[in-house]
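J.: Take a look at this one; I'll ask things after.
The values are calculated or read from the model by the stated rules, or taken from the named source; none is laboratory data. Keep in mind it's a predicted model, so treat the numbers as computed, not measured. Backbone-built Cβ (ideal geometry, glycine too); neighbour counts: all protein chains shown. The protein model used for the area step is the full one, side chains on, heavy atoms only, and it has no ligands, DNA or RNA in it. Shrake-Rupley method; radii C 1.70, N 1.55, O 1.52, S 1.80 Å.
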Amino acid sequence: MSTAVIRAFISRNPSRKSFFIYAVLLFLTEVLIALYAPAGFIRGFVGDVLVVILLFCMVRAVVSPVEKAAAKNTGDGIKRLFQTPWLAFAVLLFAFAIEFGQYWGLVDKLGLGGNRLARIVIGSHFDPLDLVAYFVGYLILLGCYWKSRQS
C-alpha cells in the first residue's frame, strides 16, 4: 500500500467514503485470494486476517453518520461502541461467534447445509487457527487506531 493510503486509513477522522473504498479493495482482494491463491498460508491465514479488517471497514462505512446521532440520543454507551477500539472488538467477537457457529454446525442447524453460498459465507468447519487470524486482524486495527492518535 502506498503511504497516502496508510495515512488516510489511520487519520483521526477518515470519511465514510474512505472506509467504503477500503472495504471494496479488501473485498476484491479476498475474492482474488479465494479464486487464485493455493491452499496454505495466504488463503488460510492472510484471508482470515483481512476479513476482520474488511468487516470493520464495512461497518465504519455505514456507521459513521449514525455515531453522531446515537451520541445525541442515547448517551455515551452507544457512542463508545462506535469508536474504533470498541467497534474493532465487536467485529472480533462477531468473527469468533461465526467461527464457533462452524464448530457447532450452524449452517446445518439453520437448514442451509445444501446452500453453497451459505456454506461459503458462514463456513462449515471449525479451525482454531482462524481465531488466531481474526485476533491478528483485530491487533492490526488497534495498531492503526493508536498510530492515528499519535500523529
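J.: Starting with the highest mean, order 49-59, 98-108 by the number of other Cβ atoms within 10 Å, averaged over the residues of each peptide.
T.: Per-residue Cβ counts within 10 Å, averaged per peptide and sorted highest first, yield 49-59, 98-108.
J.: Taking all protein chains together and a probe of 1.4 Å, list Y22, Y36 from the most accessible to the least accessible.
T.: Output order, biggest surface exposure first: Y36, Y22.
J.: Using only protein heavy atoms and a 1.4 Å probe, report how much of L32 is accessible, in Å² to the nearest 10.
T.: 100
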